[in-house]
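Trainee: Sharing a structure with you now.
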Amino acid sequence: MSTQPAAIPIERAEGLKIPRHIGVIMDGNGRWAKQRGLSRSDGHRAGVEAVRRIVKLAIDYQVECLTLFSFSAENWRRPPDEIKFIFGLLRRFVASDLDRLAEQNVKVRIIGVRDGLDSGLLGIIEEVERRTASNDGLDLLIAFNYGAKVEIARAARAIARKVALGELAPDAIDEALIEKHLDTFGVPDPDLILRTSGEMRLSNFLLWQSAYAELVFIDENWPDFDEAVFVKALKVYSLRDRRFGGVGS
Ligand code: IPE
Ligand code: IPE
Ligand code: MG
């Protein structure tokens, strides 16, 4: 069995509220590369290093769940070569990091649409999920070929099918039932959504689940994400008064 990771020393976490679930829109790889006279591929490669850093940080700071937006349903609009490179990166990431993720007690789940992905990639996705399925440390959700509207439409179809078959009464459709049909079933809604690179939009990421998430926008590009940036975001989050429609503290 895997060993529990050591928590961070208390002085580093003092005063910080730690979200149970953090969603991250990892944006700005292209701009990071452009500023350095590098190719967009170099930017994506550097972005993988930042993925490794945030996984380690999530474990150290005892975040329960981390969802990383790595390829959106809309990213198919990019040039074929860039798409191919990003897909290759996912393969290489799993190949190089799977042993470590398994050892770190991380449970990996890939969310998003699988139809249309090539069989090699599907095999890799299935392998990483299978190898880490019995882990009970960090829940790492990788949103790959993911779009929130597609996810919600798919849930609606699955529910409609059950109604049509007479297995479900329309009156039984409530929020909990819809949540059961979303890709994120089983993990709490994100408390915090981070987006790097200064853009202030959700770009079709976890639209249902982020109903009450705190949104924190970070100026740094994704490849520059490190512990200092992470702590800065947690400080902003810790000062937010989460009222959930009530009157607050
Ligand atoms: C994020 O960086 C990575 C993906 C969307 C796959 P971008 O590639 O969007 O970088 P910018 O926004 O062009 O700088
Ligand atoms: C959002 O970034 C998708 C991912 C980070 C995977 P984009 O760079 O694709 O978003 P837009 O197009 O600027 O909204
Ligand atoms: Mg972008």
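The values are calculated or read from the model by the stated rules, or taken from the named source; none is laboratory data. On a predicted model such as this, the values are computed, not experimentally measured, just so you know. Using ideal geometry, Cβ is built from the backbone for each residue, glycine included, and neighbour counts are taken over all protein chains shown. All accessible areas refer to the heavy atoms of the entire protein, side chains included, with ligands and DNA or RNA removed. Shrake-Rupley method; radii C 1.70, N 1.55, O 1.52, S 1.80 Å.
Trainee: Please verify whether VAL55 is in a helix (DSSP H, G or I), more than 20 Å from LEU234 (Cα to Cα) and either open to solvent by 30 Å² or more (accessible area, probe 1.4 Å) or modelled with pLDDT of 95 or more (or both), treating the condition exactly as stated. Spell out the reasoning first.
Mentor: Details: in a helix (DSSP H, G or I): yes; more than 20 Å from LEU234 (Cα to Cα): no; either open to solvent by 30 Å² or more (accessible area, probe 1.4 Å) or modelled with pLDDT of 95 or more (or both): yes.
No; evaluated as a whole, the condition is false for this residue.
Trainee: Answer yes if at least one residue in the range 106-113 is open to solvent by 40 Å² or more (accessible area, probe 1.4 Å), touching a strand residue (DSSP E or B) at 6+ places or on another chain (Cβ under 8 Å) and assigned to a strand (DSSP E or B), and no otherwise.
Mentor: Scanning the range 106-113, I find at least one residue that is open to solvent by 40 Å² or more (accessible area, probe 1.4 Å), touching a strand residue (DSSP E or B) at 6+ places or on another chain (Cβ under 8 Å) and assigned to a strand (DSSP E or B), so the answer is yes.
Trainee: I've got another one for you. Look through ASN29, ASN75 and report the one residue that is touching a His at 6+ places or on another chain (Cβ under 7 Å) and near ligand 2 (Cβ under 10 Å from one of its atoms).
Mentor: On the way: ASN75 fails: touching a His at 6+ places or on another chain (Cβ under 7 Å).
Only one candidate qualifies: ASN29.
Trainee: Just wondering, is there one or more residues in the range 114-133 that are among the hydrophobic types (A, V, I, L, M, F, W, C), more than 21 Å from LEU90 (Cβ to Cβ) and surrounded by fewer than 13 Cβ atoms within 10 Å (Cβ to Cβ)?
Mentor: Going residue by residue through the range 114-133, those that are among the hydrophobic types (A, V, I, L, M, F, W, C) are 117, 121-122, 124-125, 128, 133.
Keeping just the survivors that are more than 21 Å from LEU90 (Cβ to Cβ) gives none.
Checked the range 114-133: no residue is among the hydrophobic types (A, V, I, L, M, F, W, C), more than 21 Å from LEU90 (Cβ to Cβ) and surrounded by fewer than 13 Cβ atoms within 10 Å (Cβ to Cβ).
Trainee: Moving on. Here is a list: VAL63, VAL48. Which entry is under 30 Å from ASP115 (Cβ atoms) and open to solvent by less than 60 Å² (accessible area, probe 1.4 Å)?
Mentor: Working: VAL63 fails: under 30 Å from ASP115 (Cβ atoms).
It is VAL48.
Trainee: Let me ask you something else. Out of (1) open to solvent by 50 Å² or more (accessible area, probe 1.4 Å); (2) within 16 Å of ligand 2 (Cβ to nearest atom), what's the single condition that is false for THR196?
Mentor: Answer for THR196: the failing condition is (1).
Trainee: Moving on to the next point. I'd like to know if the range 134-142 contains one or more residues that are surrounded by fewer than 18 Cβ atoms within 10 Å (Cβ to Cβ), without any contact (Cβ under 8 Å) to a residue 12 or more places away in the chain and not small (Gly, Ala, Ser).
Mentor: So far as the range 134-142 goes, no, none of its residues is surrounded by fewer than 18 Cβ atoms within 10 Å (Cβ to Cβ), without any contact (Cβ under 8 Å) to a residue 12 or more places away in the chain and not small (Gly, Ala, Ser).
Trainee: Right, here's the next one. Given (1) open to solvent by 20 Å² or more (accessible area, probe 1.4 Å); (2) hydrophobic (A, V, I, L, M, F, W, C); (3) farther than 30 Å from SER238 by Cβ, where does ALA102 come up short, assuming only one miss?
Mentor: (1)
Trainee: Further question: Please go through (1) within 12 Å of ligand 1 (Cβ to nearest atom); (2) over 21 Å from ASP226 (Cβ atoms); (3) among the basic types (Lys, Arg) for ARG20 and return the number of the only condition it doesn't satisfy.
Mentor: Going through (1) within 12 Å of ligand 1 (Cβ to nearest atom); (2) over 21 Å from ASP226 (Cβ atoms); (3) among the basic types (Lys, Arg) one by one, ARG20 breaks only (1).
Trainee: Are any residues in the range 212-249 hydroxyl-bearing (Ser, Thr, Tyr) and either more than 18 Å from the chain's Cα centre (by Cα) or open to solvent by less than 70 Å² (accessible area, probe 1.4 Å) (or both), and if so, which ones?
Mentor: To start, the set of residues in the range 212-249 that are hydroxyl-bearing (Ser, Thr, Tyr) comprises 212, 237-238, 249.
Residues satisfying the conditions are TYR237, SER238, SER249.
Trainee: A further question on this structure: May I ask you to say which residue of ASP42, ASP27 is open to solvent by 20 Å² or more (accessible area, probe 1.4 Å) and free of Cβ contacts under 8 Å to residues at least 24 places away in the same chain?
Mentor: Answer to the selection: ASP42.
Trainee: Same structure again: On the basis of being free of Cβ contacts under 8 Å to residues at least 12 places away in the same chain, in a loop (DSSP other than H, G, I, E, B), among the small types (Gly, Ala, Ser) and open to solvent by less than 70 Å² (accessible area, probe 1.4 Å), does GLY166 make the cut?
Mentor: Values: free of Cβ contacts under 8 Å to residues at least 12 places away in the same chain: yes; in a loop (DSSP other than H, G, I, E, B): yes; among the small types (Gly, Ala, Ser): yes; open to solvent by less than 70 Å² (accessible area, probe 1.4 Å): yes.
For GLY166, the condition - free of Cβ contacts under 8 Å to residues at least 12 places away in the same chain, in a loop (DSSP other than H, G, I, E, B), among the small types (Gly, Ala, Ser) and open to solvent by less than 70 Å² (accessible area, probe 1.4 Å) - is met.
Yes/no per residue for (1) surrounded by 13 or more Cβ atoms within 10 Å (Cβ to Cβ); (2) in a helix (DSSP H, G or I):
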site	(1), (2)
LEU177	yes, yes
LEU182	yes, no
VAL187	yes, no
ARG201	no, no
SER210	yes, no
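Trainee: Among (1) over 18 Å from ALA143 (Cβ atoms); (2) in contact (Cβ under 8 Å) with a residue 40 or more places away in the chain; (3) within 16 Å of ligand 1 (Cβ to nearest atom); (4) of a type outside the set (A, V, I, L, M), which single condition is PHE205 missing?
Mentor: Tallying (1) over 18 Å from ALA143 (Cβ atoms); (2) in contact (Cβ under 8 Å) with a residue 40 or more places away in the chain; (3) within 16 Å of ligand 1 (Cβ to nearest atom); (4) of a type outside the set (A, V, I, L, M), PHE205 fails exactly one: (1).
Trainee: Okay, moving on. So ASN221 clears everything in (1) more than 29 Å from LEU57 (Cβ to Cβ); (2) touching a Gly at 6+ places or on another chain (Cβ under 7 Å) except one condition, right? Which one?
Mentor: Among (1) more than 29 Å from LEU57 (Cβ to Cβ); (2) touching a Gly at 6+ places or on another chain (Cβ under 7 Å), ASN221 violates only (1).
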